[in-house]
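Q: Quick one: this structure, given as structure tokens, is what I'll be asking you about.
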Amino acid sequence: MMHFSVVRNSHSLTRTWCSVIRDGRVCTIPAEQLVVGDLLFIRSGVHLLADVRLLYCNRLKCDTCCLITGETESIELTADVADSDDTALEARNIAFRGSFCIYGDGLGVVIRVAGDTLIDGLLSQTAEEDKRRVSLKDELMRPMRLIVLLAVMTGTLMFVWAAYMVNFENMLGILVNGFLVIIVASVPQGLPTALLCHLTIAVRRFARKNLLLKDIDAVQPLGATSVIVSDMVGTLTADSHKVARLWCDKQYFTGRPEVQQQELSVEKFESPLLELLAVMTVCNRANTVRKMSSLPQSDNFHVVCMPFTAVSQSDSRDAEIGDSCSRRTMASEWSPSTTSLRMRNVCGGDATESALLQYASDAIDANEMRARFDVVFEIPFDPVRRRRLIIARIPGKAPSIGLAMFTLMVKGHPHYLLDLCATLADHSGPQQLNEQRRLDLQNVCLQLGDDGHGVIGFASKTFAAEEGTRFSAEAGNYPQLEYRFLGMAAVAAESHEETIEAVQQCRNAGIKVFAVTSEDVATAEAIARRVGLISSEKSRVQHKEQQHAFVMDDDAMNCAIVDSASLSSLSTQKWDDLLRKHNVIFARATFEHKLLIVEECRQRGEVVTVVGANCGDVPALRRSDIGFAITTSECELAEQAADIIVADGKIGSILAGIEESRLMYDYMKKATAFTLSHLWPEIFALVINLVLGFPRGLTFPQILSIDLGSDLVPAITLAWEKSEGDLMRRPARKREVQMVNWKVLLYSYVLAGSIIAGGCFAAYISVFRYYGISTDDLAFSFTNSPHNASISGFVFSASDQQRITAEASSAWYITLAMSQVFHVWMCTTRRTSIFHRDMKNSAGLLASLVNLLLICFLVFTPGVQSVMGMSAPPFHVWFFSVVIAALLLMFNEARKCLIRLWPSNKFVRLLEW
């Protein structure tokens, strides 16, 4: 089984080297040889493989934030002593293993090496429970142990019986022929090689579908996936976003802002729109790149500052706040023929933040806006607080000596943000947020999210503080209430084109899809309808009335929407009812809820596949049976915890991996059933020789040529067969179902093996009958004199007897090898009739031709005949394999027909392997 370790460790062929100072000398060593105390040089582009305490820095920046929080912003590190209150994660003088040096250089001392680093510690904390996974090696070793045990027992019995028959003479010959050859014939010598080739082909197929296998053992449970737990955004919807609608100053706006000026200015907007664009731009970690873009022109106006359209109040989807809403149109109609070119900001980074910055950058100069504020404090977004907060100093504004003016900007989910706000921004001045206005704002949020858009709220607060104040989340020395609510933006995530089809394929394949999202119930439902998770037309009024219960439970569609806040209070029976649904959408969910869902599914025997992109997904990835990490997540913790890395994160890619895993499982099962079917004919050829005293049916070289030659290549070519049409319409197999179970052994040994063995014996006997030798004359003939009399009394010479025996042995070999040439085509399907196959596997056809040539070469080539113990037999023996092929064909077609017609019948289920 060393083949499995070769495949598993193939990624270790490349090594990372480090420059260190050790024993007073500068040397270059492999990264795995780093020890505590080494002085490590850090340069731009270096991937750190140890935790390092910095001693010298030259404008050194590392993406440490990616590892810990999943943020994409790099951090400037320093060699200064950290504050006594700072933890290791907060200290700026430590570079952690797994981070990349983005800019600058430095020198530091190694304080922790691989296996003991901070990242390793975080991973070990989430590894309280193993994945309960059976490796492929163990999967194959279970039946192999039984086969080897039976081989040893059979060999021992044959050895004792043969020794008794010859009065314990020639014990060495009996040991070789009666013990060792039996064991060789009983063990499938070529099966490990065939399965290794199947695994190699499977890995390449995964790679072609943008799937990187970190653990080859993950392939087996992946095909048995019964539940997919994934985020809605990025998996069911595209990871590219855009701002679809905006609510500000009691107005709805639709479209993307565009301007005709070459120079964008922030002076063209009035409050509160200006403040909202400021929060969009400054409280944002996305970046901009200037690119040429087309811009609409019109002769109907001279300057358009914000050419996007306010939606009419007559729109039934819009809520009304206050007594008036403007119906003004801020852009004229334009046609594609009237365009000009200008430099346009194209944003990169987090998808949501990029969409917000893109929206603002198309209206104002983002760099000019950001230059107005000096950010001094930031609290990144996290799924618990559901908001991002920054504090920026306003240069040049000081109410008095020793004080400075600061602006607090915050964005997040409106449901949580409104609790922190006291006023609503309006062009006429701030308005107090009474209960009616809060209710109206919540309705606006629901309506913005009804189309499946994520809703983000914006708020700000200007305050004065002492010059040089160091704000801290722990100290809480910044305003935390009485913010001014500025407005909301609806961010649309486009659906993948193939998402609806992939969701339907999951339903056909018996795979449940549990979607997790941090959005509220209305938004989650809208997205679910758009991607095909829900097709029911039930009323949505329940979303407004029930915020902490099952907001939709449709038994007819076998789906449900759940507010995740109620999960912790669900009883076991309610969990059972919920997880029996085919599609479940968990709204307002956190990473803890995702982990809880995975644990509840596994407790009920489900095989769970989790798709994660953030560091918060690490616990769920490790607790799942299969973990998928998305490469665009830029979170090394997630990639380390996952079993498979996927390039795009689409559910179609996940489903393609499941299909490839099922296909590989089918291929390996077919190859195993085909390979094992030649064992009983080989064993039977030795049994009749040792037990009944017949001349040998097969020699040791013939057995090896079948195991490692004629059967090996066809078994490998099964990997190029097309999948059966119902592969992704079968229900997911149970966790406890083994690849090589007793049904496979029943088919290979008892059913197909007996048919082939019977045909081989008939061909073997026909050769002796061809020369007039009866079966009675053959029994126990090896104990008689060298001369055996025929029925007519004619006595054959010793050389004639050897020649006839060689011909009979050739007949057995030809029948067995040719039967397997036909049999491999019947093993290309497990349920589908082979008459419905196109038989266009060129590799299989080539393997059959090569096998035929190999048989002819071994049987008819002088010199090779003596080594193999064969001689050219009578021509009629070639027809026995045709008869066996016809019998196997009728048996397999009848078996497959019964499986298709009565799959639940107990007797039929015995025939399905």
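Q: Give the peptides 385-391, 862-868 in descending order of average Cβ contacts within 10 Å, highest first. It would help to have the intermediate numbers written out before the result.
A: Details: 385-391: 20.3, 862-868: 12.4.
Descending packing order for the listed peptides: 385-391, 862-868.
Q: Over the C-alpha atoms of region 670-741, what are the Rg and the largest Cα-to-Cα span, Dmax, in Å?
A: Final numbers for Rg and Dmax: 17.4, 52 Å.
Q: If you don't mind, there's one more thing I want to ask. With θ set to phi - 60°, apply the Karplus curve 6.51 cos²θ - 1.76 cosθ + 1.60 along region 499-516 and write out the HN-Hα couplings as whole Hz, x wherever there is a Gly or Pro.
A: 5, 4, 5, 5, 5, 5, 5, 4, 4, 5, 7, x, 9, 7, 10, 10, 9, 10
Q: Determine, from the Cβ-Cβ distance of Val867 and Phe463 and an R0 of 60 Å, the FRET efficiency 1/(1 + (r/R0)^6), rounded to the nearest 0.05. Write out the running numbers ahead of the final one.
A: Numbers: r = 95 Å, r/R0 = 1.59.
Efficiency at R0 = 60 Å is approximately 0.05.
Q: May I ask for log10 I(q)/I(0) of region 161-241 at q = 0.16, 0.17, 0.25 Å⁻¹, from a Debye sum over the Cα atoms as equal point scatterers with solvent left out?
A: Normalising to I(0) and taking log10 leaves -0.82, -0.87, -1.18.
Q: Go through region 663-675 residue by residue and turn each phi into a ³J(HN,Hα) via Karplus (6.51, -1.76, 1.60, θ = phi - 60°); whole Hz please, and just put x for glycine and proline.
A: 5, 5, 4, 4, 4, 5, 5, 5, 4, 5, 4, 5, 5
Q: Which whole-angstrom value gives the distance between the alpha carbon centres of region 814-843 and region 443-483?
A: Answer, in whole Å: 68.
Q: Between Leu853 and Ala79, what length comes free when the chain is fully extended (0.36 nm per residue of separation minus the Cα-Cα distance, one decimal in nm)? If you can, show how the numbers build up before the last one.
A: Numbers: separation 774, 0.36 × 774 = 278.64 nm, distance 7.34 nm.
Residue separation times 0.36 nm, minus the Cα-Cα distance, leaves 271.3 nm.
Q: Over 18 Å between C-alpha atoms is what I'm after, so list which of Lys669/Lys734; Lys512/Lys722; Lys209/Lys722 land there.
A: Lys512/Lys722
Q: Sequence-distant or interchain residues sharing an amide H contact under 5 Å with Asn477, placed H: which?
A: Ser472
Q: Among 498-507, 660-669, 274-283, 899-908, what's the highest-first ranking by average C-beta atoms within 10 angstrom per residue?
A: Result, highest mean Cβ count within 10 Å first: 274-283, 660-669, 498-507, 899-908.
Q: Something else: Determine ³J(HN,Hα), in whole Hz, for all residues of region 575-589 in sequence, where each value follows from phi through the Karplus function 6.51 cos²θ - 1.76 cosθ + 1.60 and θ = phi - 60°; x replaces Gly and Pro.
A: 4, 4, 5, 5, 6, 7, 5, 7, 10, 10, 10, 9, 8, 6, 9
Q: Quick one: which residues, 5+ away or cross-chain, put their amide H under 5 Å from the amide H of Lys512? H built at 1.01 Å from N.
A: Correct list: Val227, Ile228.
Q: Between Asp231 and residues 5 or more places away or on another chain, which pairs have amide H atoms under 5 Å apart, with H built 1.01 Å from N, and which residues are they?
A: Result for Asp231 returns Val516, Val611.
Q: Next question. Please list Lys896, Lys214, Lys574, Lys512 in order of solvent-accessible area, largest first, computed with a 1.4 Å probe with all protein chains present.
A: Descending order: Lys574, Lys214, Lys512, Lys896.
Q: How big is the gap, in Å, between the Cα center of region 721-747 and the Cα center of region 356-375?
A: Spelled out, the Cα-based centre of one part sits 57 Å from the other.
Q: To one decimal place, what Kirkwood hydrodynamic radius in Å is obtained for region 350-504 from all pairs of distinct Cα atoms?
A: Hydrodynamic radius (Kirkwood, Cα pairs) of region 350-504 is 17.5 Å.
Q: Say the cut-off is 30 Å between C-alpha atoms; which of Lys137/Lys581; Lys594/Lys743; Lys250/Lys411 go over it?
A: Check vs 30 Å cut-off fails for Lys137/Lys581; Lys594/Lys743.
Q: Ranked from highest to lowest mean number of other Cβ atoms within 10 Å per residue, what is the order of the peptides 796-804, 216-224, 673-681?
A: Final packing ranking: 673-681, 216-224, 796-804.
Q: While we're looking at this one, here's another question. Using every Cα-Cα pair within region 755-913, state what percent have a distance larger than 18 Å. Display every interim value, and only then the final one.
A: Details: 8360 of 12561 pairs.
Here the tail beyond 18 Å accounts for 67 percent of pairs.
The values are calculated or read from the model by the stated rules, or taken from the named source; none is laboratory data. Note that the structure is predicted; figures quoted are calculated from it, not measured. So basically every Cβ, Gly included, is an ideal-geometry build from the backbone, and we count neighbours across all protein chains shown. With ligands, DNA and RNA removed, areas are computed over all heavy atoms of the protein, side chains included. Shrake-Rupley method; radii C 1.70, N 1.55, O 1.52, S 1.80 Å.
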